[in-house]
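Please read the structure below before turning to the comments.
Bear in mind that the values in this text are calculations on the coordinates, not laboratory data. Please read all numbers here as calculations on a predicted model, not as lab measurements. Reconstructed Cβ throughout: ideal geometry from the backbone, glycine too, with neighbour counts over all protein chains shown.
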């Protein structure tokens, strides 16, 4: 009676399965919501900046000036707007950048003289400005080759290749990360809300009056929701592969192991929230605060961890989404193996064990008279 009983844990798990099957909202939340959110936000979130309104003051009107404008337009990143006063369009918000081509541009280029054109960028949105400025070296290189007519060659030329994401498709980068956030938040909310509901309804006290031990209750409650969230992971994987065309270069077994470790950590976090709050509304709020915000802002999904201040770089080490984000992107895009991902896997295992121990300790403490 004092040891862990798999039979009693299975009885608790079977009860949870019956609750889930009788609750269509939970099923829809676990199976339908991840796919819907990944699809919706997968199309909405795009770190590439396209169709930038470029106001051009062409004071030359020569053939070289026209070719330069065509190079900007054909790049796919800029939409050229002819204007006598480009700065006024930037001030009014009708353009994000301005290009000034002074008179004599074509004449000087034809004479072999060095020519310049001024590019002005609206810096109020620094993230957009940084991306747009990153486009300029490529456009400048293309312009130098085309305007020179191919007759001049630089003494040194770099040939650039992009590994793992040769098209620089931002969705290949965002979709795996988006799946991490949604799956983690879903696992936390499912456990926190369902267990908190039992505390509110009084059914948890009835369960605690039985010979079932705390560890058996925890295992019995987490196992069905773990399988349910894993099913949601499968649907997210299908959406990533067949809707967005994200390549999968790694091991499916390794990815499944990473998902299992992360889901255990998220479920344990949700269980701890439910035990600490015992109210669905409060549990929902804590789930959103502790599940969504750290995953969005401190996991490397949007902001590179290497660019954060030292305190936050160390703080992210206690967040499971940070390590699963690294593992998921490494397996998806790079085909990384266990040797390359040893640190993320070890961190996920340690954090999962720590969160389970914390939830169990809190659970036992609440049972004491």
Quick one: Cα centre-to-centre distance for the range 254-270 and the range 5-59, in angstrom?
16
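For the chain, what does the equivalent ellipsoid look like in terms of its semi-axes, each the square root of 5 times an eigenvalue of the Cα gyration tensor, given largest first in whole Å?
Details: eigenvalues 630, 83, 56 Å².
Gyration-tensor ellipsoid for the chain: 56, 20, 17 Å.
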Residue 308/residue 346 FRET efficiency (R0 22 Å; Cβ-Cβ; nearest 0.05):
0.55
Only Cα pairs within less than 10 Å get springs; with that Gaussian network setup on the chain, which residue of 223, 359, 88 has the largest fluctuation?
88
For the range 52-147, max minus min Cα coordinate along each principal axis, in Å, sorted largest first?
39, 26, 19
Assuming a ≥ b ≥ c are the square roots of the Cα gyration tensor eigenvalues, decide whether the range 169-217 counts as rounded (a/c under 1.5), prolate (otherwise, with a/b larger than b/c) or oblate.
prolate
Distance between Cα centroids, the range 278-346 to the range 180-202: provide it in whole Å.
19
Build a GNM of the chain with springs between Cα atoms under 10 Å: which of 317, 308, 189 gets the top mean-square fluctuation?
308
Which semi-axis lengths, in whole Å and largest first, follow from the square roots of five times the eigenvalues of the Cα gyration tensor of the range 3-117?
65, 15, 10
CD proxy, 222 nm, the chain: helix-only mean residue ellipticity via -39,500 (n - 2.57) per DSSP H run with n ≥ 4, per residue, nearest 500, stands at -20500 deg cm²/dmol
